[in-house]
Amino acid sequence: MPNPLPYLRAVLWSFLGIRQRSSATAEQQQLKPLPLIAAAVVLAAVFVLVLLALASSASAAPLQVPDTLAQRALACTGCHGPQGRASQQGYIPRIAGKPAGYLHAQLLAFRDGRRQHDGMARLLGNLDDDYLAELAAYFAGLKVPYPAPAPVRGTGESRALGERLVRHGDAAHGLPACVSCHGAALTGVNPAIPGLLGLPRDYLVAQLGAWRVQIRQARAPDCMAALAQRMQPLDIAAVADWLAAQPLPADAGPAPRPSQALPTPCGSTEP
Ligand code: HEC
Ligand code: HEC
């Protein structure tokens, strides 16, 4: 077997394109073709192995991003505000601190088309029910401050109408009081009825409008759809103006599940 060194040296020099002294060129003229090819193959293999080793050591130490719900929720808080505590300024609703069962039902509704929002539907499209329940529990557990109430709007008459409908309903039109389901303090009732304070006026108007035309649907019997269909546009505006202008009580969390039945049954409150 010939001495491999001159072969390896010759291949390396030609790989690297180094010009050689005439004594080295003379040495190369003695080399035989087959061992020369073998030396080239060995060097190329060593080169590939070194590259593979580098690549696998790079993937063995991936970028360290903590895989927590807080980290994943960043996809949501870009729209819903830090910690999901959206303000009264825009349209997007707050999600922090709402009853977990309610939030879960809404995530399923956006994913499955019973509520409409393209961005959320895309984001939730591949997430399963259990994962959405975890996300809902995460936001339900965030107890963060509420925005200041919106400025008072409307005439004295429409404010009185808004407050009357919220507190007492309108028996003549089959409209139960909002407080009879959403809690005396309007901060929601566990596990599935949301609060009505701290939400932008335009969001409230849009939701009641969406129920009237059935582009928002809750589980049957859909009590909110029946109720919104009995409200006139002026009633909706009056109620939304009044609700958006109310300050939050000190304890803004949802009330415990009540022992008495709701004035009309709502599918979304059943397990
Ligand atoms: C592109 C902006 C955007 C992103 C991102 C987004 N949302 Fe939303 N979300 C909205 C808008 C707008 C609405 C109100 C839609 C409507 O009109 O019904 C909404 C509504 C909701 C509601 C219903 C709130 C209620 O009171 O009924 C929940 C719950 C919610 N989002 C949770 C999430 C979660 C969890 C994520 C992250 C996985 C997320 N959203 C990501 C814009 C967004
Ligand atoms: C019979 C019980 C009941 C009454 C009365 C009631 N609600 Fe509701 N409301 C619900 C339930 C249950 C939900 C949750 C529906 C779902 O799962 O989407 C809801 C949800 C809502 C929402 C959606 C909130 C959000 O964050 O998207 C609004 C707005 C609302 N109600 C307004 C009102 C107003 C205004 C009144 C009074 C005029 C009223 N509700 C009376 C049961 C009721």
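Counting residues in segment 184-203 that are surrounded by fewer than 21 Cβ atoms within 10 Å (Cβ to Cβ), within 13 Å of ligand 1 (Cβ to nearest atom) and not in a loop (DSSP other than H, G, I, E, B) gives one or more. Based on what the data block shows, is Ala206 within 10 Å of ligand 2 (Cβ to nearest atom) and free of Cβ contacts under 8 Å to residues at least 24 places away in the same chain? No. Being at pLDDT below 90 and either surrounded by 18 or more Cβ atoms within 10 Å (Cβ to Cβ) or in contact with a helix residue (DSSP H, G or I) (Cβ under 9 Å, 6 or more places away or on another chain) (or both) holds for only one residue in Arg111, Arg72, Arg85, and it is Arg72. Pro176: in contact with a Ser or Thr (Cβ under 9 Å, 6 or more places away or on another chain) and on the phi < 0 side of the Ramachandran plot, yes or no? Yes: the conditions hold for Pro176. Assigned by TED's automatic domain parsing to the domain that holds His80 and within 11 Å of ligand 1 (Cβ to nearest atom): is that true of Ala206 in this structure? Yes, satisfied.
Scanning segment 76-126 for residues that are in contact with a Leu (Cβ under 8 Å, 6 or more places away or on another chain), more than 9 Å from ligand 1 (Cβ to nearest atom) and not in a loop (DSSP other than H, G, I, E, B) turns up Gln83, Leu108, Arg111. Of everything in segment 258-271, what is surrounded by 13 or more Cβ atoms within 10 Å (Cβ to Cβ) and either assigned to a strand (DSSP E or B) or more than 9 Å from ligand 2 (Cβ to nearest atom) (or both)? Give them in sequence order. Selection gives Pro258 alone. Within segment 221-240, is there a residue that is more than 13 Å from ligand 1 (Cβ to nearest atom), modelled with pLDDT of 95 or more, assigned to a loop (DSSP other than H, G, I, E, B) and closer than 25 Å to Ala121 by Cα? Yes; the residues of segment 221-240 include at least one that is more than 13 Å from ligand 1 (Cβ to nearest atom), modelled with pLDDT of 95 or more, assigned to a loop (DSSP other than H, G, I, E, B) and closer than 25 Å to Ala121 by Cα. A residue that is touching a residue at least 24 places away in the same chain (Cβ under 8 Å) and over 35 Å from the mean Cα position of the chain (by Cα) cannot be found anywhere in segment 176-184. Considering segment 209-220, the residues that are assigned to a loop (DSSP other than H, G, I, E, B) and at negative phi include one that is farthest from ligand 1 (Cβ to nearest atom), namely Ala220. For segment 180-203, a residue qualifies if it is near ligand 2 (Cβ under 8 Å from one of its atoms) and β-branched (Val, Ile, Thr), and exactly one does: Ile193.
The values are calculated or read from the model by the stated rules, or taken from the named source; none is laboratory data. Quick caveat: nothing in here was measured; it's all calculated off a predicted structure. FYI the Cβ positions are ideal-geometry reconstructions off the backbone, even for glycines, and counts take in every protein chain you see.
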